Amino acid sequence: MRDFDDRAFRDALGHFTTGVTVVTTMTEDGPLGMTVNSFASVSLDPPLVLWSPARHSDRFPAFEAASHFAIHVLNEDQADLSMRFATTGTNFDGLDFSKGAGDAPLFEDCAARFECRHAAGYDGGDHLIVVGEVLRFDVPGGLPLLYHRGSYARLSRD
């Protein structure tokens with residue numbers, strides 16, 4: 001049915017620069033995190049955002065079931081945090097965090113942070129589209145960490 005190859009399609013999508021986020025939640029086994037670039041605003045009234053975890057991820061069941069989660073828009077100096085949660089979601093060793101709505105782990109010094117309640121989930125093929133109602137947000141500031149064509153990038157302000 002399709003006339004294109006999956007790798008070429010993924011490479012084409014990589015031409016769209018995105019911000020980098022880490023989504024966190026609290027599970028029965030402890031805190032869990034996931035690096036995500038599929039974050040977007042949905043609505044101002046009510047305040048809604050979305051993100052999309054991959055169904056093939058071993059962390060997917062926990063995030064699908066999560067009643068609350070926090071989305072951290074990483075600042076340009078937090079690539080190490082992004083890399084930490086890109087491969088494993090349970091490595092909170094040495095990280096300072098507090099607990100937010102639903103006990104979701106909260107990291108400091110992000111460009112922005114959103115504490116959310118799970119509002120809806122929609123089929124998105126090999127991903128789930130998770131819509132969160134924003135309960136609280138914080139904007140410490142700073143420039144965001146970006147991702148473009150498979151690499152981290154920084155925003156230049158001239």
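The values are calculated or read from the model by the stated rules, or taken from the named source; none is laboratory data. Remember, predicted model here, so these are calculated numbers, not experimental data. Methodologically, a virtual Cβ is constructed for each residue, glycine included, from the backbone with ideal geometry; neighbour enumeration extends over all protein chains shown. Quick note on the areas: whole protein, heavy atoms, side chains included, nothing else; ligands and nucleic acids left out. Shrake-Rupley method; radii C 1.70, N 1.55, O 1.52, S 1.80 Å.
When you go through Phe107, Phe85, Phe63 one by one, which is the residue that is crowded, with 21+ Cβ neighbours inside 10 Å and more than 19 Å from Tyr152 (Cα to Cα)?
Unique residue meeting the criteria: Phe63.
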Next on the checklist: Can you pull out every residue in the stretch 1-50 that is part of a strand (DSSP E or B), more than 19 Å from Thr90 (Cβ to Cβ) and within 17 Å of the chain's Cα centre (by Cα)?
Outcome noted: Thr18, Gly19, Ala40, Ser41, Val42, Leu48, Val49, Leu50
Checklist entry - In this structure, is Arg136 closer than 26 Å to Ser43 by Cβ, modelled with pLDDT of 95 or more, open to solvent by 80 Å² or more (accessible area, probe 1.4 Å) and not hydrophobic (A, V, I, L, M, F, W, C)? => result yes
Checklist entry - Among all residue pairs at least 6 apart or on different chains, which show Cβ distances below 8 Å where the first residue, located in the stretch 56-69, is farther than 10 Å from Met34 by Cα and the second is in a helix (DSSP H, G or I)? => result Ala66/Gly102; Ser67/Gly102; His68/Ala101; His68/Gly102; His68/Asp103; Phe69/Phe63; Phe69/Gly102
Item to check | Pick from the stretch 1-27, criterion over 26 Å from Gly142 (Cα atoms) and at pLDDT 95 or above, ranking: surrounded by the fewest Cβ atoms within 10 Å (Cβ to Cβ) | outcome: Thr27
Next on the checklist: Need pairs with beta-carbon distance below 8 Å; first residue part of a loop (DSSP other than H, G, I, E, B) and within the stretch 128-153, second modelled with pLDDT under 85; sequence gap 6+ or separate chains.
Outcome noted: Leu143/Arg154; Leu143/Leu155; Leu143/Arg157; Arg149/Asp11; Arg149/Gly14; Arg149/His15; Gly150/Gly14
Checklist entry - Under the condition of being closer than 16 Å to Pro61 by Cα and part of a loop (DSSP other than H, G, I, E, B), which residue from the stretch 110-127 is least open to solvent (accessible area, probe 1.4 Å)? => result Gly125
